[in-house]
1. Order the following by accessible area, largest value first: Lys20, Lys34. Probe radius 1.4 Å; ligands, DNA and RNA are ignored.
2. When the chain is fully extended, how far beyond the present Cα-Cα distance does Ser5 get from Ala33, taking 0.36 nm per residue of separation?
3. Between Ala33, Ala11, Ala22, find the one with the highest GNM mean-square fluctuation for the chain; connect C-alpha pairs within less than 10 Å.
4. Okay, helix-only estimate at 222 nm for the chain: each DSSP H run of n ≥ 4 adds -39500 (n - 2.57), divide by all residues, round to 500 deg cm²/dmol; what do you get?
5. Report Thr35's accessible area, 1.4 Å probe, all protein chains in place, as a number in Å² to the nearest 10.
6. Hey, can you find the accessible area per residue of the chain for me, probe 1.4 Å, expressed in square angstrom?
7. Ignoring ligands, DNA and RNA, what percent of the 1.4 Å accessible area of the chain is carbon and sulfur?
8. Between Phe12 and Thr41, take the C-beta separation as r, use R0 = 22 Å, and let me know the FRET efficiency to the nearest 0.05.
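The values are calculated or read from the model by the stated rules, or taken from the named source; none is laboratory data. All figures in this text were calculated on a predicted structure; none of them were measured in a lab. Heads up, the Cβs are rebuilt from the backbone with ideal geometry, glycines too, and the neighbour counts pull from every protein chain shown. Side chains included, ligands, DNA and RNA excluded: accessible areas come from the protein's heavy atoms. Shrake-Rupley method; radii C 1.70, N 1.55, O 1.52, S 1.80 Å.
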Amino acid sequence: MTVSSLEKSVAFYEGLTGVKIANNDEIGGPRMAKTQGQDDTFSKATFNWII
């Protein structure tokens, strides 16, 4: 899911489910951009696990 504000979305879903972030990654750079046909790219991602 792509969101306009990662911080606001994390706060919303943590409040809704009570589940805290399990992993937070920041990825990007020339190598990743090349796979997407871009000059440069940067992404932030979080993972919440509900078991």
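1. Largest accessible area first, the list is Lys34, Lys20.
2. 7.9 nm
3. Ranking Ala33, Ala11, Ala22 by mean-square fluctuation puts Ala33 first.
4. The per-residue figure over the chain is -10000 deg cm²/dmol.
5. 110
6. 87
7. Answer for the chain is 54 percent, counting heavy atoms of protein chains only.
8. With a Förster radius of 22 Å, E is 0.30.
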